[in-house]
Ligand SMILES: [Zn+2]
């Protein structure tokens, strides 16, 4: 069944939590090192992620054998449930800046407590660590953050703290830590 996909997603969560946890411990945020992204294990986040992972695995297989069995309609449905689970995740977890935004006609942003801004940065560092590996992940995180800077719509006070944290990261990268 989808056991393989469930395992793939679970091992991704463990790996992600490990890398993010290291950064959070470094920042002295021990409680968040434990709680980070735990909601991904709840059914309405876990199941859509597993189904999406499974569909991606099958698609890769079908492309290899040139079968392309997955109907795009079905894939659209799977993708939409996956995106909904992302939205639910962002509104459950305060380390996502989307949590601090209200889009009700006008987009209103609220100040994000510093510990969650730090968790957000740790989240990005952890993601890059898993993709890039040990040597360049801090630099890569800074580069990616600069790339999407304009689309990061945070409260101005939070953005100041965020920029300060990015400067500290640049310093860390410069020191090759
Ligand atoms: Zn998260």
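Residue-wise test of (1) over 20 Å from residue 13 (Cβ atoms); (2) more than 18 Å from the chain's Cα centre (by Cα).
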position	(1), (2)
129	no, no
132	no, no
136	yes, yes
153	yes, no
163	yes, yes
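Identification of helices (runs of 4 or more DSSP H) wholly contained in segment 69-172 with 3 or more residues that are within 16 Å of the ligand (Cβ to nearest atom), assigned by TED's automatic domain parsing to the domain that holds residue 48 and surrounded by 13 or more Cβ atoms within 10 Å (Cβ to Cβ) yields 72-92. For segment 1-37, the set of residues classified as surrounded by 15 or more Cβ atoms within 10 Å (Cβ to Cβ) and at positive phi consists of 37 only. Could you please let me know if residue 40 is over 15 Å from the mean Cα position of the chain (by Cα), part of a helix (DSSP H, G or I) and crowded, with 16+ Cβ neighbours inside 10 Å? When the stated conditions are applied, residue 40 does not pass them.
The values are calculated or read from the model by the stated rules, or taken from the named source; none is laboratory data. Treat the numbers as computed from the prediction; the structure is a model and nothing was measured. Note: ideal-geometry Cβ built from the backbone for every residue, glycine included; neighbour counts use all protein chains shown.
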